[in-house]
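Peer 1: One structure is given below, represented as structure tokens, and several questions about it will come after.
The values are calculated or read from the model by the stated rules, or taken from the named source; none is laboratory data. Note that the coordinates shown come from a computational prediction; the quantities given were computed from them, not determined experimentally. Reconstructed Cβ throughout: ideal geometry from the backbone, glycine too, with neighbour counts over all protein chains shown.
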Ligand code: AN0
Ligand code: CP
């Protein structure tokens, strides 16, 4: 593997999940793979889990790791070609990227959707420039339209906890005070369909995701109906995708918050969220603290999804 930005890069998902469980059973078996190899992680946005789990995964593989927070300590980067750079950004991405490539063997990039321009976001303008100009293998640590390391960790978590071969997995929108990207729900829907689960997505009208990511899933606008018989509830907020509301908050309806009453409609479902989560907006204290909550297991599996992806990239260097 040279690039990892989508489920399409992972090949056969069942094979990848098996490989991930093998990695999990023996995390330090591939210490020699990363010897004298350097990972550079570049963050345009904040992170707790991705930063720590990816660094840990790289260390498990014997790699050296460098982390750069763009906008904090590094020069602010211009991303538009052709602008006269007389503003507050002293350096252009077109020099910065090949320079970064000089110092490392593998690059991880976090660059969220900015919601300034839908076409730029959905063409993955930033991470694709890293792919084009760095000369290095590149993987997504959440880009504009997807968060594949999170979805991979979530699929590992479902595989470890499912009680039937084809569980009903429900992705539900929930309210949030800020406009959040569609990356997590896009990837979760796409990977859950690829894993062969029964996938239902529920959200208020106007929150339809891009069909590119939801193909194979059923949309159910009635949240209570969607929850019936569910084996896994995956909650997430996202801002509107469809024009003319791209990037906007259309609803603050707290009746969508996942609570015990709603979980009571399910087939004793597990609760999932990628974190960070706003308690009592997305999910109540009781549900996230319940024994059916998998949020910490998901975060733990981020180390495993990252290690599996890095292992494949190193094997191909
Ligand atoms: C981000 C998002 O919704 O994409 C990161 C989630 C992993 N969340 C926030 O910005 C709160
Ligand atoms: N789930 C996740 O990616 O968390 P961070 O934003 O903290 O990395």
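Peer 1: Name the one entry in 220, 291, 260 that is surrounded by fewer than 16 Cβ atoms within 10 Å (Cβ to Cβ), touching a helix residue (DSSP H, G or I) at 6+ places or on another chain (Cβ under 6 Å) and free of Cβ contacts under 8 Å to residues at least 60 places away in the same chain. Working first, answer last.
Peer 2: Working: 220 fails: surrounded by fewer than 16 Cβ atoms within 10 Å (Cβ to Cβ); 291 fails: touching a helix residue (DSSP H, G or I) at 6+ places or on another chain (Cβ under 6 Å).
Within the list 220, 291, 260, the selection yields 260.
Peer 1: Right, next: Tally time: how many residues in the range 181-200 are within 16 Å of ligand 1 (Cβ to nearest atom) and farther than 24 Å from residue 119 by Cβ?
Peer 2: So the first thing to find is which residues in the range 181-200 are within 16 Å of ligand 1 (Cβ to nearest atom), and the list is 181-191.
This time we only want the ones that are farther than 24 Å from residue 119 by Cβ, so: 191.
Result for the range 181-200: 1.
Peer 1: Answer yes if at least one residue in the range 272-283 is farther than 30 Å from residue 40 by Cα and crowded, with 22+ Cβ neighbours inside 10 Å, and no otherwise.
Peer 2: yes
Peer 1: Show me the strands (runs of 3 or more DSSP E) entirely contained within the range 87-196 in which 1 or more residues are in the same structural domain as residue 50 (by TED's automatic domain parsing). Walk me through how you get there before you give the answer.
Peer 2: On the way: elements: 106-110, 138-140, 168-173.
Here the list reads 106-110, 138-140.
Peer 1: For the range 229-258: of the residues being more than 16 Å from ligand 2 (Cβ to nearest atom) and within 11 Å of residue 169 (Cα to Cα), which is farthest from the chain's Cα centre (by Cα)?
Peer 2: Taking the range 229-258 first, the residues more than 16 Å from ligand 2 (Cβ to nearest atom) are 229-233, 239-258.
After this cut, where a residue has to be within 11 Å of residue 169 (Cα to Cα) as well, the list is 229-233.
Values: 229: 26, 230: 22, 231: 21, 232: 18, 233: 17 Å.
Result: 229.
Peer 1: Report, ordered by the first and then the second residue, all pairs with beta carbons closer than 7 Å, sequence separation of six or more or different chains, a first member in the range 168-184 that is farther than 16 Å from residue 249 by Cα, and a second member that is within 13 Å of ligand 1 (Cβ to nearest atom) and outside any helix (DSSP H, G or I).
Peer 2: 169/234; 170/234; 171/234; 171/236; 184/147; 184/236; 184/274
Peer 1: Counting just the residues of the range 82-113 that are surrounded by fewer than 16 Cβ atoms within 10 Å (Cβ to Cβ), in contact (Cβ under 8 Å) with a residue 12 or more places away in the chain and over 26 Å from residue 2 (Cα atoms), which one comes out farthest from ligand 2 (Cβ to nearest atom)?
Peer 2: Among those residues, the one meeting the criterion is 90.
Peer 1: Test residue 311 against the stated conditions and say whether it is touching a residue at least 60 places away in the same chain (Cβ under 8 Å), in the same structural domain as residue 40 (by TED's automatic domain parsing) and either surrounded by 21 or more Cβ atoms within 10 Å (Cβ to Cβ) or within 16 Å of ligand 2 (Cβ to nearest atom) (or both). Working first, answer last.
Peer 2: On the way: touching a residue at least 60 places away in the same chain (Cβ under 8 Å): yes; in the same structural domain as residue 40 (by TED's automatic domain parsing): yes; either surrounded by 21 or more Cβ atoms within 10 Å (Cβ to Cβ) or within 16 Å of ligand 2 (Cβ to nearest atom) (or both): yes.
Yes: the conditions hold for residue 311.
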